[in-house]
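Here the structure comes first, spelled out in structure tokens, and everything after it is commentary.
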Amino acid sequence: MAITAAMVKQLREMTGAGMMDCKKALAATEGDMDKAVEFLREKGLATAQKKAGRIAAEGLCKVLVSEDAKKAVVVEVNAETDFVAKNEKFQNYVAEVAAQALDTTAVDMDGFMAEPWKADTTKTVQEALAGQIAVIGENMKIRRFKQVAEANGFVADYTHMGGKIGVLVDVETDVVNDAVKEMAKNVAMQVAAIKPVYTTRAEVDQEYIDKEKEILTVQAKNEKPDANDKIISGMVMGRINKELKEICLMDQVYVKAEDGKQSVQAYVDSVAKANGAKITIKGFVRFETGEGLEKREENFAEEVAKQMQG
């Protein structure tokens, strides 16, 4: 198939590899994007993780925690422009969506959109959204929500940049005091800043590990064609361990560690010991506004002109 400039651009954004390398990879894999990513990684020309996609669409992530901190929710509501995302009406509406999602029993977005709107039960959530679109004058979408509940501890939350990132952390603990709460907040900030994929290594799918070994083995053999299997295996496992330390929250280096070496797990354990507590970070949720969505190109001056015309 013909390799287009758009395909080369997409692969370059996904991998960080050079333009000519991307073109060669696509040619060698007959335009298969996933195989082209593997091709570049085997050649050592791409990073281990695909970029999730351009963080582009506007809107807000909103977290809401129950009074007893046993339950919490994070929602993402999108708008077309940053101008609207900063609008007080839009922000108040997102807060109402979060209140709705905190108590919803819906298991998916279709169920959520069809249920009665708490602020006006004569309407569904979908109908209330349509009303807001009419008032604000811009297309909007309730994209997603995620509830977290913890009966044997609490849920910690963190919001970054006024709603660009929303994080919830599930903390199981038999001691809830200011020190433990501060620890949980710090872990939530870690999640926001470093963007882990998993909580612990136990969550990592074996199929993923096997695929990584396969790709990294080819990469290592290309780098050291004369090395024996033992050396190659050592190189591969070293790289996998390094990757797991980057994508697994509890293995990551704690960003506020004074020695620059302490892991998140070691930090949590130290707080647990100091407070005579048993603490387990059971999981987390991290929403980033516009994650994986494509943005329409538009500048701020055009946004303002459009609002004035509206």
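The values are calculated or read from the model by the stated rules, or taken from the named source; none is laboratory data. Every value quoted in this text rests on a predicted model; they were computed, and no experiment measured them. Here the Cβ is made from the backbone with ideal geometry for all residues, glycine too, and neighbour counts use every protein chain on show. Surface accessibility is based on the protein's heavy atoms, side chains included, excluding ligands, DNA and RNA. Shrake-Rupley method; radii C 1.70, N 1.55, O 1.52, S 1.80 Å.
Near A5, once Lys and Arg are set to +1 and Asp and Glu to -1 for all other residues with Cβ below 12 Å from its Cβ, the sum equals +3. Per the Kirkwood formula applied to alpha carbons, the stretch 141-198 shows a radius of gyration over Rh ratio, Rg over Rh, of 0.99.
Using the rule -39500 (n - 2.57) for each DSSP H run of four or more residues, divided by the residues of the chain, the 222 nm mean residue ellipticity is -14500 deg cm²/dmol.
Centre-to-centre, using Cα atoms only, the stretch 165-201 and the stretch 86-118 are separated by 25 Å. On a per residue basis, the convex hull of the C-alpha atoms belonging to the stretch 150-282 measures out at 145 Å³.
Under a no-solvent Debye model with one identical scatterer per Cα of the chain, what's log10 I(q)/I(0) at q = 0.09, 0.15, 0.16 Å⁻¹? The calculated log intensity ratios at q = 0.09, 0.15, 0.16 Å⁻¹ are -0.61, -1.23, -1.27. Three principal axis extents describe the C-alpha atoms of the stretch 69-195; from largest down they are 47, 30, 21 Å. Annotation: peptides 175-184, 228-237, ranked by per-residue average of other Cβ atoms within 10 Å with the highest first, follow the order 175-184, 228-237. Across the stretch 71-124, the volume of the C-alpha convex hull divided among the residues equals 94 Å³ per residue.
What's the whole-number percent of alpha carbon pairs in the stretch 1-131 lying beyond 27 angstrom? Within the stretch 1-131, distances greater than 27 Å cover 47 percent of Cα pairs. Surface analysis of the chain yields an accessible area of 54 Å² per residue, using protein heavy atoms and a 1.4 Å probe. Could you work out the Kirkwood radius for the stretch 226-281, taking every pair of different alpha carbons, averaging 1/r and inverting it, reported in Å? That comes to 13.2 Å for the stretch 226-281. Annotation: lysines with alpha-carbon distance below 26 angstrom to K224 (same-chain offsets under eight excluded): K23, K24, K35, K43, K50, K211, K213, K242, K245.
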